[in-house]
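Trainee: If you scroll down you'll find the structure; I have some questions about it.
The values are calculated or read from the model by the stated rules, or taken from the named source; none is laboratory data. Bear in mind that the values here come from a model prediction, so they are computed numbers and not experimental data. Reconstructed Cβ throughout: ideal geometry from the backbone, glycine too, with neighbour counts over all protein chains shown.
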């Protein structure tokens, strides 16, 4: 029997995530998952690829308030907060309509990062769409790289850890859903996944980037995980680890829920 082992959301794209006991699954991603992100002065999105220390910015949600901590400093804002100023940006090739959260947020993040940045929020759950080749149509997506959800099986990480000199935790791979499995990479073969009252579809294997080389607690890069994955998980020009999901039925997912596979 498969069960949900862990659930994670990442309110601000590329900042540290939050493990939660339950999450509401929507078409565009879990509620509050990657609805915010940092951009540069040219409205270009920023991630750990360019700024590894973003992993050290810890987030928490209490009611309708999101709190961000970095070293000894903290900043809070309401999930509905915005100046109303529109910002047209992109996540890779996908246009996204966003709004500025506040001048205070811009100043706080800019001071900590030593560069001018802006904190923006997705204008609506349909403000960014991604083309899915498998279905030849557009799907709503948060500000995640390409798909609303990432699922990983526990045995896939255990199998990788057995090949590494040091053990990695799930945060290195930034999943939304971790399922207790019995075989490495068996999730690759799943088609439909039911968890709680939500239903998901396997869209494709997830091709990994250099973010998996960044230690999420130190922001120091170590290429071993990607190098080792490349020896047994390479497909064409990608290194695969985990699967991207599309939500086919909204619902509530809880840690410990039975997972139905078909």
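Trainee: Filter region 191-201 down to residues that are crowded, with 20+ Cβ neighbours inside 10 Å and closer than 20 Å to residue 155 by Cβ, then give me how many there are.
Mentor: The number of residues fulfilling the criteria is 3.
Trainee: Within the bounds of region 157-171, is there any residue that is under 19 Å from the mean Cα position of the chain (by Cα), closer than 19 Å to residue 18 by Cβ, crowded, with 21+ Cβ neighbours inside 10 Å and in contact (Cβ under 8 Å) with a residue 24 or more places away in the chain?
Mentor: No: region 157-171 contains no residue that is under 19 Å from the mean Cα position of the chain (by Cα), closer than 19 Å to residue 18 by Cβ, crowded, with 21+ Cβ neighbours inside 10 Å and in contact (Cβ under 8 Å) with a residue 24 or more places away in the chain.
Trainee: Can you confirm whether residue 231 is part of a helix (DSSP H, G or I), farther than 25 Å from residue 131 by Cβ and modelled with pLDDT of 95 or more?
Mentor: Numbers: part of a helix (DSSP H, G or I): yes; farther than 25 Å from residue 131 by Cβ: yes; modelled with pLDDT of 95 or more: yes.
Spelling it out, residue 231 is indeed part of a helix (DSSP H, G or I), farther than 25 Å from residue 131 by Cβ and modelled with pLDDT of 95 or more.
Trainee: Regarding region 153-173, can at least one residue be identified that is more than 26 Å from residue 54 (Cβ to Cβ) and either assigned to a loop (DSSP other than H, G, I, E, B) or modelled with pLDDT under 95 (or both)?
Mentor: yes
Trainee: If you don't mind, another one. Please go through region 236-262 and give me each residue that is surrounded by fewer than 15 Cβ atoms within 10 Å (Cβ to Cβ) and not in a strand (DSSP E or B), ordered by number.
Mentor: Across region 236-262, the qualifying residues are 236, 237, 250, 256, 262.
Trainee: Checking the conditions here, which among 50, 19 is modelled with pLDDT of 95 or more, in a strand (DSSP E or B) and farther than 16 Å from residue 121 by Cα?
Mentor: Working: 50 fails: in a strand (DSSP E or B).
Within the list 50, 19, the selection yields 19.
Trainee: While we're looking at this one, here's another question. Got a number for residues in region 92-118 being assigned to a strand (DSSP E or B) and free of Cβ contacts under 8 Å to residues at least 60 places away in the same chain? Explain how you work it out, then say what you get.
Mentor: Going residue by residue through region 92-118, those that are assigned to a strand (DSSP E or B) are 94-100, 118.
Pick out the ones that are also free of Cβ contacts under 8 Å to residues at least 60 places away in the same chain and you get 94-97, 99-100.
Total satisfying the criteria: 6.
Trainee: Okay, next question. Name the single residue, out of those in region 206-228 being part of a strand (DSSP E or B) and in contact with a helix residue (DSSP H, G or I) (Cβ under 6 Å, 6 or more places away or on another chain), that is surrounded by the most Cβ atoms within 10 Å (Cβ to Cβ).
Mentor: Residues of region 206-228 part of a strand (DSSP E or B): 206-207, 214, 221.
With in contact with a helix residue (DSSP H, G or I) (Cβ under 6 Å, 6 or more places away or on another chain) added as a condition, the list becomes 214, 221.
Details: 214: 21, 221: 14.
Residue satisfying both the conditions and the ranking: 214.
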